[in-house]
Amino acid sequence: QVPLVETGGGLVQPGGSLRLSCTVEGVFSIYAMGWYRQAPGKERELVATISPSYNTDYGESVKGRFFVSRDNTKKVVYLQMNSLKPEDTAVYYCHMPYYHYWGQGTQVTVSS
């Protein structure tokens, strides 16, 4: 059973928004969480991280456009993506570093 499940991907036009969700099984509130992405032919890259105390960090290419948050009651981490660009097209993965868990990924395609 995959302990991390991403939802919310899809096709969006440039300039649009999407919100990804990652639902976690098991203990959640005490662990840092992250979002990564991988475009075809490219290495997986950091998108955003959020600590148990809600400190956040972002990859340079998404700063000011993407926002990560978490709901410890629902055991969900979110990625709000605004002002999307075609270069944001990738498979987005949820990550729990402590256990080296990865979700199955969700495709985000930004295209007109």
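The values are calculated or read from the model by the stated rules, or taken from the named source; none is laboratory data. Predicted, not measured: the structure shown is a model, and the values here were computed from it. Remember, those area values only see protein heavy atoms, side chains included, never the ligands or the DNA or RNA. Shrake-Rupley method; radii C 1.70, N 1.55, O 1.52, S 1.80 Å.
GNM remark for the chain: springs join alpha carbons under 10 Å apart, and the peak mean-square fluctuation among Pro86, Pro40, Pro97 falls on Pro40. Using a Gaussian network model of the chain with C-alpha springs under 10 Å, which one of Ala90, Ala48, Ala39 is most mobile by mean-square fluctuation? Maximum fluctuation in the GNM of the chain, among the listed residues, is at Ala39.
Leaving out ligands, DNA and RNA, what percent of the accessible area of the chain is carbon and sulfur, probe 1.4 Å? Looking at the chain in its full context, I get 50 percent from C and S. Straight-line cross-link partners of Lys63 among the lysines, defined as a Cα under 21 Å from its Cα and at least 8 positions apart when in the same chain: Lys42, Lys85. Considering all C-alpha pairs of region 27-112, those separated by over 23 Å amount to 19%. Shown are His95, His100, whose ranking by accessible area with a 1.4 Å probe and every protein chain present, most to least, is His100, His95. Among DSSP beta bridges whose residues both lie in region 4-112, state the antiparallel percentage, nearest 5. Antiparallel: roughly 90 percent of the beta bridges in region 4-112. In this structure the amide hydrogen of Gly105, modeled in the peptide plane, comes within under 5 Å of the amide hydrogens of Glu6, Cys94, none closer than 5 places in sequence on its chain.
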